[in-house]
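One structure is given below, encoded as structure tokens.
The values are calculated or read from the model by the stated rules, or taken from the named source; none is laboratory data. This structure is a prediction, so every number in the text was calculated from the model and none was measured. Cβ coordinates were reconstructed from backbone atoms using ideal geometry, including for glycine residues, and neighbour counts include every protein chain displayed.
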Amino acid sequence: MRFEEVAACAEAVGATRGTHAKRDVVAALLARADPESLLHAARFLAGSPFAQCDKRVLQVGWSTLERAALNLIAFDQETWRACHRAVGDTGETLALLVGPYPPKRQGAQRTLFEIAAKEEPFSVLEAADAYARLAASTPAARPRLVEEAWRRMSPVEVKYFTKIMTGGMRIGLAESLVEEAIAKAFGRKVEDVRLANMVSGDVGEAAALAREDKLGQAVFRMFHPLGFMLASPLDEAPDDPAPFVVEDKFDGIRAQLHATRERGELYTRTLEEAGEFPEIVEAARRVGHEIVLDGEVLAVRADGRAAPFALLQRRLGRKSVSAALRAQVPVRYVAYDILFLDGEPLYRKPLEERRAALDSLGLSGLLTTSPWRHASTKAEVDALFEDARARGNEGLMLKRKGSAYDLGKRGNQWLKIKRPFATLDVVVTAAEVGHGKRAGLLSDVTFAVRDAEGKLANVGKAYTGLTDEEIRRMTALLKQLTIERYASVHVVRPEIVLEVAFDSVTKSARHKSGYALRFPRIARWRTDKPVSEIDTVARVEELWRASGGAETL
């Protein structure tokens, strides 16, 4: 298959409205692709030169692209940069500049398209090979390799070869839509395609398996993160909790742990590597099995109880973690599920069988297992909830007995009970214009409590909890109360009282009060309460002590 067919497909997708129509365009291309090209075409249309499980990276930065482009186009650096600023995308800029003008070093007044037309067509396999050579090349060689590939292409090929290279397709084609196109192209179930892609970490392999009706034969690869099973929220315990086992809901970083004797990796909910906890990875390698676990990274106190999340934040985003920081913020991994053990997939097995496999590992020290508890009445669940909060945890998880682990799905097999830690009555001091459907509305509000001298001291910001109608009404009132404006921020007279709920309190230098609320959300608009009755900094301090007395950075 010619690479130009993939590029033309991408161009058509970008010009097509509606997800079903986009899907159909991609499905038509995949259906006619030869087996070898199909693997790469699916990956390219999903926006990547390689499979997700493939750890190769191109490392083709702006300077590499600019050097190659200036050898190709008939414009100087200043013009190139001005055009790029105007367009905002390297691939699209190149497509516009190489078409109507002769590229450098080619002589004659020929367009790049005319030059490419005299060459053998650039194939999908050649594009895949070009990406592979770039990934294996030295920095000094990359501009030449990029230029050589471009010179074989028409403008539309240059455009999408570059977009794939830079990871910015921007044509409204998410990987999930490519999965749907694969299902349509080969008459398979979308759910089966998605599972094969998730397990294998390769949308191209999923396409190849779909073509042969062998989606069930997708092979799992270690060190490729799987979609996390998600829980549905509950405010109250179910009337009959007997069909569930009960675990604490932890206040940490949910993480998937992959480990063999030779290697270990942690992956976050966003399916990105988390390198901030090397001691956990080291401990996982000593388990002596090939494992994929689901669990939580927690900061821990000296007495072994979970510490507030604010302490764990000190470890996040660190490229290297010193011994001193490890000592200041000790961590533990609490495992509550196992997906693979020594090459055997366990996620389809019942909850009790997975738990038995997890217990067989004998985890201890930095790796522990979440305790199971049982309740037969709603009152017993409520008591367990209070016990969990006393242990420094957020609430409870209820997991249905006999249930499988649904990769990447949310449902009623797992339930979470998480109630606000407390509420405060506050007054709005500023508001900011929202985004998306709330564009033009003052939906993001900053709020304050009173300090010991009666002055207002900001303590947080919230943008959820009100209905659309309440936001419209509040916006109209906030505009009337505005006393100053800074871009999209309105400073307002403090007259609107809100009740806000939150999960905990931490110390913070960002707010005048010296404290910040974690996950604040508006519980209700207190039109019945005067500003003179809002809460105080002293009350916030009480709640800070009650929530564990955590310091922020």
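Listed values, structure above:
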| quantity | calculated |
| --- | --- |
| Matching residues in region 254-298 - criterion: being in a strand (DSSP E or B) and in contact with a Gly (Cβ under 6 Å, 6 or more places away or on another chain) | Glu296, Val297, Leu298 |
| Condition check for Ser504: modelled with pLDDT under 90, out of contact with any Lys or Arg (no Cβ under 6 Å at 6 or more places or on another chain) and under 26 Å from Ile417 (Cβ atoms) | no |
| Residue match in region 414-421 (condition: part of a strand (DSSP E or B), out of contact with any Pro (no Cβ under 9 Å at 6 or more places or on another chain) and not acidic (Asp, Glu)) | yes |
| Candidates Val219, Val156, Val203 - the one that is buried (at least 21 other Cβ atoms within 10 Å of the Cβ) and either at pLDDT 95 or above or not assigned by TED's automatic domain parsing to the domain that holds Gly392 (or both) | Val203 |
| Residue pairs meeting the criteria (Cβ under 9 Å; at least 6 apart or on separate chains; first under 15 Å from Phe447 (Cα atoms), in region 502-522; second of a type in the set (Lys, Arg) and in a loop (DSSP other than H, G, I, E, B)) | Lys512/Lys455; Ala516/Arg510 |
| Residue list for region 88-110, restricted to those being modelled with pLDDT of 90 or more and in a helix (DSSP H, G or I) | Thr90, Gly91, Glu92, Thr93, Leu94, Ala95, Leu96, Leu97 |
| First in region 299-328 and surrounded by 13 or more Cβ atoms within 10 Å (Cβ to Cβ) and in a helix (DSSP H, G or I), second anywhere and β-branched (Val, Ile, Thr) and at pLDDT below 90, Cβ under 7 Å, 6 or more apart | Ala310/Thr506; Ala310/Thr552; Gln313/Thr552 |
| Among the residues listed as Glu282, Glu262, Glu272, Glu276, the single one being within 26 Å of Ala404 (Cβ to Cβ), assigned by TED's automatic domain parsing to the domain that holds Arg389 and not basic (Lys, Arg) | Glu272 |
| Output for region 1-25, where each listed residue is more than 16 Å from Ser176 (Cβ to Cβ), in a helix (DSSP H, G or I) and touching an Asp or Glu at 6+ places or on another chain (Cβ under 8 Å) | Phe3, Glu4, Ala7 |
| Long-range neighbours under 9 Å by Cβ, at least six apart or interchain, first residue at positive phi and surrounded by fewer than 16 Cβ atoms within 10 Å (Cβ to Cβ) within region 54-75, second modelled with pLDDT of 90 or more and of a type in the set (Lys, Arg) | Gln59/Arg142 |
| Inter-residue pairs, beta-carbon under 6 Å, first within 18 Å of Glu191 (Cα to Cα) and in region 401-420, second of a type in the set (A, V, I, L, M) and part of a strand (DSSP E or B), 6+ apart | Arg410/Leu230 |
| Residue count for region 454-483, restricted to those that are outside any helix (DSSP H, G or I) and of a type in the set (A, V, I, L, M, F, W, C) | 6 |
| Of the criteria (1) outside any helix (DSSP H, G or I); (2) under 25 Å from the mean Cα position of the chain (by Cα); (3) not basic (Lys, Arg), which one Val178 fails | (1) |
| Selection status of Ala448, of a type in the set (A, V, I, L, M), in contact (Cβ under 8 Å) with a residue 60 or more places away in the chain, part of a strand (DSSP E or B) and not assigned by TED's automatic domain parsing to the domain that holds Val245 | yes |
| Output for region 399-430, where each listed residue is crowded, with 18+ Cβ neighbours inside 10 Å and under 20 Å from Leu298 (Cβ atoms) | Lys399, Trp414, Ile417, Lys418, Phe421 |
| Where a residue in region 39-51 is surrounded by fewer than 24 Cβ atoms within 10 Å (Cβ to Cβ) and its partner, wherever it lies, is outside any helix (DSSP H, G or I) and modelled with pLDDT of 95 or more, with Cβ under 7 Å and at least six apart | Ala51/Asp202 |
| Residue in region 532-553 that is modelled with the highest pLDDT, counting only those that are outside any helix (DSSP H, G or I) and polar (S, T, N, Q) | Thr536 |
| Residues (farther than 24 Å from Ala15 by Cα and either of a type outside the set (A, V, I, L, M) or modelled with pLDDT under 95 (or both)) located in region 122-150 | Glu126, Asp129, Tyr131, Arg133, Ser137, Thr138, Pro139, Arg142, Pro143, Arg144, Glu147, Glu148 |
